[in-house]
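The values are calculated or read from the model by the stated rules, or taken from the named source; none is laboratory data. For clarity, every value in this text was computed on a predicted model and none was experimentally measured. Neighbour counts are summed over all protein chains in view; Cβ atoms, including those assigned to glycine, are modelled from backbone coordinates with ideal geometry.
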Amino acid sequence: TQLLEQSPQFLSIQEGENLTVYCNSSSVFSSLQWYRQEPGEGPVLLVTVVTGGEVKKLKRLTFQFGDARKDSSLHITAAQPGDTGLYLCAGASTNAGKSTFGDGTTLTVKP
Amino acid sequence: GAVVSQHPSWVICKSGTSVKIECRSLDFQATTMFWYRQFPKQSLMLMATSNEGSKATYEQGVEKDKFLINHASLTLSTLTVTSAHPEDSSFYICSASRGALWNTPLHFGNGTRLTVT
């Protein structure tokens, strides 16, 4: 069974601060996705990383895939209240019938 | 593109009744659809994997006779909560994939808030 450990589980910060969310596993994934979910809605895809060592940037968000494709991180620079939400990482292996989800990180950015 | 519509967005029902939730992929054919249950501030808990024209694959601990899944076409899957009880109250979400999971992302519906009184 593949597991994805996501940390921290909860994070409350002030507007303007930086933060990093981690997603770690002992398993290798062919790809890893990051999603953001707002209350009462479904998750929305932020990014997919597929290559070991890959770094992708989406405005103030920086995503990194570990060299061994076992871990990933999401770094947010100068967080804003609009970044508040539940962040989920999900990994998939070749021929996998389902994705493995991390435990989620609930981020609250206070104005 | 890649829109998934889930209906209803919320439903209140009495204990003992059944509730059907629909999940439609509006602009693509979904190879596979997934059903999840989510508790407040927690991650998604996979309930079952649904492929068109075949029986759903349920996760361990999920009662297949209670949570009936029908995947009649490549664009529609339904989840029926039979004989609902208050402990079934939760947020249910579906997702759809248009290809292999390792190279195509999941597209999620907006969820259904079920309250059983």
Considering every residue within segment B:103-113, establish whether at least one is away from chain A (no Cβ under 13 Å) and of a type in the set (Phe, Trp, Tyr).
no
Only one of these is charged (D, E, K, R), buried (at least 18 other Cβ atoms within 10 Å of the Cβ) and at pLDDT 95 or above: B:Arg113, B:Arg98, B:Arg24. Name it.
B:Arg24
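For (1) surrounded by fewer than 16 Cβ atoms within 10 Å (Cβ to Cβ); (2) at negative phi; (3) out of contact with any Asp or Glu (no Cβ under 6 Å at 6 or more places or on another chain), each residue gets a yes or a no:
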site	(1), (2), (3)
A:Ser7	yes, yes, yes
A:Val28	yes, yes, yes
A:Thr48	no, yes, yes
A:Gly52	yes, yes, no
A:Ala68	yes, yes, yes
A:Leu74	no, yes, yes
A:Leu86	no, yes, yes
A:Phe101	no, yes, yes
Given the criteria more than 11 Å from chain B (Cβ to nearest Cβ) and part of a strand (DSSP E or B), does A:Leu11 qualify?
yes
Tally time: how many residues in segment B:31-87 are assigned to a strand (DSSP E or B) and among the β-branched types (Val, Ile, Thr)?
7
I need the strands (runs of 3 or more DSSP E) fully contained in segment A:56-111, keeping only those with at least 2 residues that are among the polar types (S, T, N, Q), within 27 Å of B:Phe34 (Cα to Cα) and within 11 Å of chain B (Cβ to nearest Cβ).
A:105-110
B:Ser89 among the hydroxyl-bearing types (Ser, Thr, Tyr), free of Cβ contacts under 8 Å to residues at least 40 places away in the same chain and surrounded by fewer than 19 Cβ atoms within 10 Å (Cβ to Cβ):
yes
Note on B:Gly61: of the conditions (1) within 14 Å of chain A (Cβ to nearest Cβ); (2) of a type in the set (Gly, Ala, Ser); (3) within 28 Å of A:Thr106 (Cβ to Cβ); (4) in contact with a strand residue (DSSP E or B) (Cβ under 7 Å, 6 or more places away or on another chain), unmet is (4)
